1. For LEU23, are the conditions met, namely being within 27 Å of LEU142 (Cβ to Cβ), at pLDDT 90 or above and assigned to a helix (DSSP H, G or I)?
2. Those residues that are touching a Leu at 6+ places or on another chain (Cβ under 8 Å) and surrounded by 13 or more Cβ atoms within 10 Å (Cβ to Cβ), I need them from segment 77-93; list them, please.
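The values are calculated or read from the model by the stated rules, or taken from the named source; none is laboratory data. Not measured: the values here are computed from a predicted model. Don't worry about glycine lacking a Cβ; one is built from the backbone with ideal geometry, like all the others, and counts go over all protein chains shown.
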Amino acid sequence: MNGSATKALFWWAIVAQVAGAQLFFWDTLPDYRELTAGALVVGTPKDFAFAVFGLVVMQSAYWYARRLQPQIRFARRVLLGHVLLCVSEVSFFFVSALATVAMFDHWRRSQFVFWKLMLLASALFAFFCYKHQLASVGDALLETQPEDAGKATIEPKGTGKP
């Protein structure tokens, strides 16, 4: 596979991770609002199916992109690098808040079962991976890659002196 095809597949995997994250966010946001309002939330099977689908998309795309990333050389893009670093940090806030509210505020009132706990743990892991992916790409976009990066030292041009 040539470099441009690898780069295109990599960016499509990033887009798939963003889409999976958005699907998870929009599916669980009403539940989060109900939890923070003190209500007892009982998710429907449809809600759990959407959440699981979003997490599967995120994880599949993450592991695929992770395999492709070392093959890609990124051009320096300071603004995009900073945007990706910001999005990576912010993306973990919601799922962390959801887990905190579910685990600490509603543990006694809710009927937690093992598979619901595993879904929450899976969401935390998927968003950690997503955060890590965006941060590593953001860092790569911020790195300087000077023209003489391959040279160990820069020798002075001939001065004519021994």
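1. no
2. Result: ARG77, LEU80, GLY81, HIS82, LEU84, LEU85, VAL87, SER88, SER91.
Okay, residues lined up against (1) modelled with pLDDT under 90; (2) part of a helix (DSSP H, G or I); (3) surrounded by 17 or more Cβ atoms within 10 Å (Cβ to Cβ):
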site	(1), (2), (3)
ARG73	yes, no, no
ALA102	yes, yes, yes
TRP115	yes, yes, no
TYR130	no, yes, yes
